[in-house]
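> Quick one: the structure is below, and I'll ask about it shortly.
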Amino acid sequence: MNEGFRLLPRSASTFAPQVDGVYFFHLAVAAFFTLLILVLVIYFSLRYSRKRNRHPQNVEASNTIEIAFIVALFFLTMVMGAWGTRIYIDEYVVPQGAMEIHVIAKQWMWKTQHPEGQREINALHIPIGRPIRLVMNSQDVIHSFFIPAFRVKRDVVPGRYNEMWFQATTPGDYHLFCAEYCGSNHSAMIGTITVMEPAAYQRWLAGTSADEPPVRSGEKLFAQFACNTCHGQRAPTLAGMYGRKVTLDTGQTLIAGDPYIRESILNPSAKIVAGFPPIMPTYQGQITEEQLMNLMTYIKTLKDASTQPTQ
Ligand code: CUA
């Protein structure tokens, strides 16, 4: 990874060429106008210098030129805006079926876990050619997960899940940085992203001792906390609930996504589903961030008409 000085980081994800494209376009536009203005300043200061004793005529501004200039600049800035927005949306909309990896940040390390259970610290092995979705959470302060070679960066915030996705294109080792000042060892909160061919990745998975997969840990917690005793009977059924519209007792509706489920586990009385009594106890302080992530992973797998009794 010792690359010496580079003007741009290496390019190793499907986003990288797109981001570089829009970046160079902005750079070219800025360079063009900077040069144009510089040349004109020099030209006019020579042409109308005191020595030459030449005075500019008063000119009437031509409306046509003014309007043409405004319209041209309008379209130029619209192109810049639309191009950047497209990439922004691409980076925010996670494709279906992406491989989900859990990331927990703490002062001062990155802990990652694969869907098969393998854990890593300050490291992450991933295959090329497959969308990878990171579900990230911080145990203490705000950190930021930054992989320059992929041109992706997202804050990792305590108390909420932030997602990020990418698809790697080139095998190799790449830098992982924390990009948010998070205390005295912030600069040491770094790691390595190892991008592998799919077959090599499978070998790596097979040769690395796996902990319990997150979804299994979640299932155990679900049993341990006996979520089933109420959910499906005196409390709303959880099967098929994820991503669905929920009506609250206040009449409001919301989509049951990660933030809502998380809040309902930690602070159940905040939003009560219409027609149910507020009987759920809080699990604040009884469950770690990692357990919460695992529990949610399991809850998301509960489909309609599965083990859950429906009401
Ligand atoms: Cu973590 Cu800076």
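> Taking the residues in the stretch 165-183 that are within 16 Å of the ligand (Cβ to nearest atom) and without any contact (Cβ under 8 Å) to a residue 60 or more places away in the chain as candidates, determine which candidate is most open to solvent (accessible area, probe 1.4 Å).
It comes out as 181.
> List every residue pair whose Cβ atoms sit under 7 Å apart, with the two residues 6 or more apart in sequence or on different chains, where the first one lies in the stretch 229-248 and is under 18 Å from residue 277 (Cβ atoms) and the second, anywhere, is among the β-branched types (Val, Ile, Thr) and part of a loop (DSSP other than H, G, I, E, B).
Going by the 7 Å Cβ cut-off, the qualifying pairs are 230/279; 231/237; 232/310; 234/279; 235/279; 237/310; 248/272.
> If you don't mind, there's one more thing I want to ask. Looking only at the stretch 136-156, how many residues end up being within 16 Å of the ligand (Cβ to nearest atom) and open to solvent by 30 Å² or more (accessible area, probe 1.4 Å)?
Matching residues across the stretch 136-156 total 8.
For every residue, the table says whether it meets (1) loosely packed, with under 10 Cβ neighbours inside 10 Å; (2) away from the ligand (no atom under 16 Å from the Cβ); (3) not in a loop (DSSP other than H, G, I, E, B).
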{"site": "16", "(1), (2), (3)": "no, yes, yes"}
{"site": "29", "(1), (2), (3)": "no, yes, yes"}
{"site": "33", "(1), (2), (3)": "no, yes, yes"}
{"site": "41", "(1), (2), (3)": "no, yes, yes"}
{"site": "69", "(1), (2), (3)": "no, yes, yes"}
{"site": "76", "(1), (2), (3)": "no, yes, yes"}
{"site": "94", "(1), (2), (3)": "no, yes, no"}
{"site": "103", "(1), (2), (3)": "no, no, yes"}
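> Looking only at residues in the stretch 105-135 that are open to solvent by less than 50 Å² (accessible area, probe 1.4 Å) and closer than 13 Å to residue 178 by Cα, which one is farthest from the ligand (Cβ to nearest atom)?
123
> Then there is this: Return only the number of the condition from (1) within 16 Å of the ligand (Cβ to nearest atom); (2) open to solvent by 70 Å² or more (accessible area, probe 1.4 Å) that residue 162 does not satisfy.
So residue 162 meets the others, but not (2).
> Across the stretch 184-202, what is the total count of residues that are within 16 Å of the ligand (Cβ to nearest atom), open to solvent by less than 20 Å² (accessible area, probe 1.4 Å) and either of a type in the set (Gly, Ala, Ser) or farther than 16 Å from residue 105 by Cβ (or both)?
The number of residues fulfilling the criteria is 1.
The values are calculated or read from the model by the stated rules, or taken from the named source; none is laboratory data. Given the structure is predicted, the values throughout are model-derived calculations rather than measurements. No Cβ is skipped: glycine too gets one built from the backbone with ideal geometry, and neighbour counts run over all protein chains shown. Heavy atoms of the whole protein, side chains included, go into the accessibility calculation; ligands, DNA and RNA do not. Shrake-Rupley method; radii C 1.70, N 1.55, O 1.52, S 1.80 Å.
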